[in-house]
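The values are calculated or read from the model by the stated rules, or taken from the named source; none is laboratory data. This structure is a prediction, so every number in the text was calculated from the model and none was measured. Glycine gets a Cβ as well: all are built from the backbone with ideal geometry, and neighbour counts include every protein chain shown.
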């Protein structure tokens, strides 16, 4: 049996010591997580704002139209609203403010579609 150095001998581990050590470790971890969580929530709320889609436009149409417009902006088209730091956000603002609208195909009754 290997003996512990003289300064490290603490005697047998008692259940109360083990529980107290675990409680201290858990409390320290909780305090650290809460501090980090508050900072992360504050940072996220400062940076993230959700763009509200316009009434009458379903979420899928909003996402597709914004994506297509973002590709146009990335290629160099002129933005129609104040430019954001991200192209996708600028495109979402354009769609939300109805500066960019989808082109819906309209067929008149009796007209033949082109082949």
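Observations on the structure shown:
- Residue match in the range 41-50 (condition: modelled with pLDDT of 75 or more and either more than 21 Å from residue 102 (Cα to Cα) or assigned to a loop (DSSP other than H, G, I, E, B) (or both)): yes
- Filtered residue count, the range 83-108, keeping only those that are in contact with a helix residue (DSSP H, G or I) (Cβ under 7 Å, 6 or more places away or on another chain) and not in a helix (DSSP H, G or I): 4
- When we screen 69, 80 for residues that are in contact with a helix residue (DSSP H, G or I) (Cβ under 6 Å, 6 or more places away or on another chain), surrounded by 13 or more Cβ atoms within 10 Å (Cβ to Cβ) and part of a loop (DSSP other than H, G, I, E, B), the only hit is 80.
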